[in-house]
Amino acid sequence: MIDFKRFFSKKIGSLEEATPQTFDHHITGSIRTYYKRRIYSPILYLLLLLLLAGIFPVRSMISPRHLTGTASLAKAYRSHNAYGQITLKNLYFTGYRQYWLGTTRGYYYYTVMKDKVVLVLLDPVTSEQGNPTIKNLHIRARILKDPATRQLVLEKLASDLSWTRQGLTGSVSHYTLSEPDATSFLPRLFVFAYVSTGLFAILSILAYLLYIRHPVYARQIRRLAPYGNPRKMLQEAEEELSTLPQLATEDMFITQHYFIETSTYGVAIVPISEIIWIYKYSTLHKLLWHHFAISYTLCLTCNKHRYLRCPKNTKSNIDGIMDYLAEANHNILVGFSEENRRKVEVIQNDLLPLRKILAFLSRRV
């Protein structure tokens, strides 16, 4: 039997020095600390979304306001609500299109709204590929003020109608309605990403606040459910760690029944009896040609397809943890090898879903 107490005395001090107060509520405290650090990211992301909403007309993109006439177009544009819904009547095709990357992006129409001619760019599907006249149409559009294409369309219309450009320009509104700018793929993708990521950030903040207040509901504790009652296992692990840990490094601990990690990368608890494979691998840290150090990662494979990684540890700490776990549970496979990988594959029954699929396909054939 290896005397692990004396083996680790030089590295971490004697076990008698680990007083009950040292690790009292250490796991729940580590969970709270972990989520207090993580909660800043979604908060900053929400602030970024609010900043974007202040710079771009995001609110009107998500919930377009109802537009009625040329006055409402100008008012909406000035109030930073450049997207809206509007019902148009008696639209006439100008004969001109807008192209993008060799494909037709939209068809230019014009309509009269309170003695002003308004140019409207319609999606090819909406306009039925350039229908000459459209009597009634409800669209979602973006308000554009004096876009560059407006001048080109007016020049061509003036030539077709034998009007002067100045005379036609005075009759045409400065605001153009563009359906593709509101309903094409990119605007829809932006709205979807904005709303979905914003909701995810809000839910993350609420979840982190819950975990900080009640660590027993944290994901790290819920993952114990396949092995038993998570709440009772947390209480047992806390009690064992606070009374007499069998082994303790900087961020990894072994008690009578549990392996525990409480590092800046996360918190994990797993019953020693459920561990089936442990191994380590090294990572060389370098910048350009200069080698700084080598760190080691401990990997644990447990029953119920649970996998743990404990990164950036020293070789002596990981070796000691592996030796102690191998002594505590003689069924644990130690070290990475093809033989151990195949054994774990059989134990976990990893190929069962593939076998079921192949069996189903063979029956169908």
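Among the residues making up the stretch 301-343, those that are open to solvent by 20 Å² or more (accessible area, probe 1.4 Å), farther than 14 Å from Ile275 by Cα and either touching a helix residue (DSSP H, G or I) at 6+ places or on another chain (Cβ under 8 Å) or hydroxyl-bearing (Ser, Thr, Tyr) (or both) are Thr314, Ser316, Ser337.
Asp146: exposed (fewer than 13 other Cβ atoms within 10 Å of the Cβ), among the acidic types (Asp, Glu) and under 43 Å from the mean Cα position of the chain (by Cα), yes or no? Taking the combined requirement at face value, the residue satisfies it.
With Pro230, Pro180 as the choices, which residue is in contact with a Lys or Arg (Cβ under 7 Å, 6 or more places away or on another chain) and more than 30 Å from Ser63 (Cα to Cα)?
Working: Pro180 fails: more than 30 Å from Ser63 (Cα to Cα).
Testing whether each residue is in contact with a Lys or Arg (Cβ under 7 Å, 6 or more places away or on another chain) and more than 30 Å from Ser63 (Cα to Cα) leaves just Pro230.
Once the stretch 107-131 is narrowed to residues that are at pLDDT 85 or above and at positive phi, the residue that is least open to solvent (accessible area, probe 1.4 Å) is Gly130. All of (1) at pLDDT below 90; (2) closer than 30 Å to Leu210 by Cα; (3) among the β-branched types (Val, Ile, Thr) hold for Ile62 with one exception: (1). Applying the condition of being under 14 Å from Ile43 (Cβ atoms) and under 15 Å from the mean Cα position of the chain (by Cα) to the stretch 184-206 and asking which residue is most open to solvent (accessible area, probe 1.4 Å) yields Phe200. Considering only residues in the stretch 273-306 that are out of contact with any strand residue (DSSP E or B) (no Cβ under 6 Å at 6 or more places or on another chain) and of a type in the set (A, V, I, L, M), the one that is modelled with the highest pLDDT turns out to be Leu287. The single condition among (1) open to solvent by less than 80 Å² (accessible area, probe 1.4 Å); (2) in contact (Cβ under 8 Å) with a residue 12 or more places away in the chain; (3) under 28 Å from Tyr194 (Cα atoms) that Ser79 does not meet is (2).
Selection within the stretch 251-262: residues that are closer than 23 Å to Arg37 by Cα and at pLDDT 90 or above. The member of this set that is surrounded by the fewest Cβ atoms within 10 Å (Cβ to Cβ) is Met252.
For the stretch 201-227, a residue qualifies if it is in contact (Cβ under 8 Å) with a residue 12 or more places away in the chain and of a type outside the set (Val, Ile, Thr), and the qualifying residues are Ala201, Ser204, Tyr208, Leu209, Tyr211, Pro215, Ala218, Gln220, Arg223, Leu224, Pro226, Tyr227. Only one of the numbered conditions (1) among the polar types (S, T, N, Q); (2) without any contact (Cβ under 8 Å) to a residue 24 or more places away in the chain; (3) part of a strand (DSSP E or B); (4) within 30 Å of Leu49 (Cβ to Cβ) is violated by Thr111, and that is (4).
Close contacts from the stretch 48-71, counting a first residue that is farther than 15 Å from Arg140 by Cβ and a second that is part of a helix (DSSP H, G or I) and open to solvent by less than 20 Å² (accessible area, probe 1.4 Å), with Cβ to Cβ under 7 Å and a gap of 6+ residues or different chains, come to Leu49/Gly198; Leu52/Val58.
Selection of the stretch 270-300 for residues being open to solvent by 30 Å² or more (accessible area, probe 1.4 Å), under 16 Å from Thr255 (Cβ atoms) and not charged (D, E, K, R) yields only Ser273.
Considering only the stretch 83-92, I want to know if a residue exists there that is touching a His at 6+ places or on another chain (Cβ under 9 Å), loosely packed, with under 14 Cβ neighbours inside 10 Å, modelled with pLDDT of 90 or more and part of a strand (DSSP E or B). Yes, there is a match, as at least one residue in the stretch 83-92 is touching a His at 6+ places or on another chain (Cβ under 9 Å), loosely packed, with under 14 Cβ neighbours inside 10 Å, modelled with pLDDT of 90 or more and part of a strand (DSSP E or B). When the residues of the stretch 344-365 are filtered to those that are surrounded by 10 or more Cβ atoms within 10 Å (Cβ to Cβ) and outside any helix (DSSP H, G or I), the one that is modelled with the highest pLDDT is Asn349.
Across the stretch 132-153, the qualifying residues are those that are within 15 Å of Tyr92 (Cβ to Cβ) and not in a strand (DSSP E or B), and the one among them that is modelled with the highest pLDDT is Pro132.
Screening the stretch 174-201 for residues that are among the aromatic types (Phe, Trp, Tyr) and part of a helix (DSSP H, G or I) and picking the one that is nearest to Asp115 (Cα to Cα) gives Phe185. One residue alone among Leu284, Leu298, Leu308 is under 23 Å from Asn229 (Cα atoms), without any contact (Cβ under 8 Å) to a residue 60 or more places away in the chain, within 30 Å of the chain's Cα centre (by Cα) and not in a helix (DSSP H, G or I), and that residue is Leu308.
The values are calculated or read from the model by the stated rules, or taken from the named source; none is laboratory data. Given the structure is predicted, the values throughout are model-derived calculations rather than measurements. Every residue, glycine among them, receives a Cβ derived from its backbone with ideal geometry; neighbour counts consider all protein chains shown. Accessible surface is based on the protein model in full, side chains and every heavy atom, while ligands, DNA and RNA are left aside. Shrake-Rupley method; radii C 1.70, N 1.55, O 1.52, S 1.80 Å.
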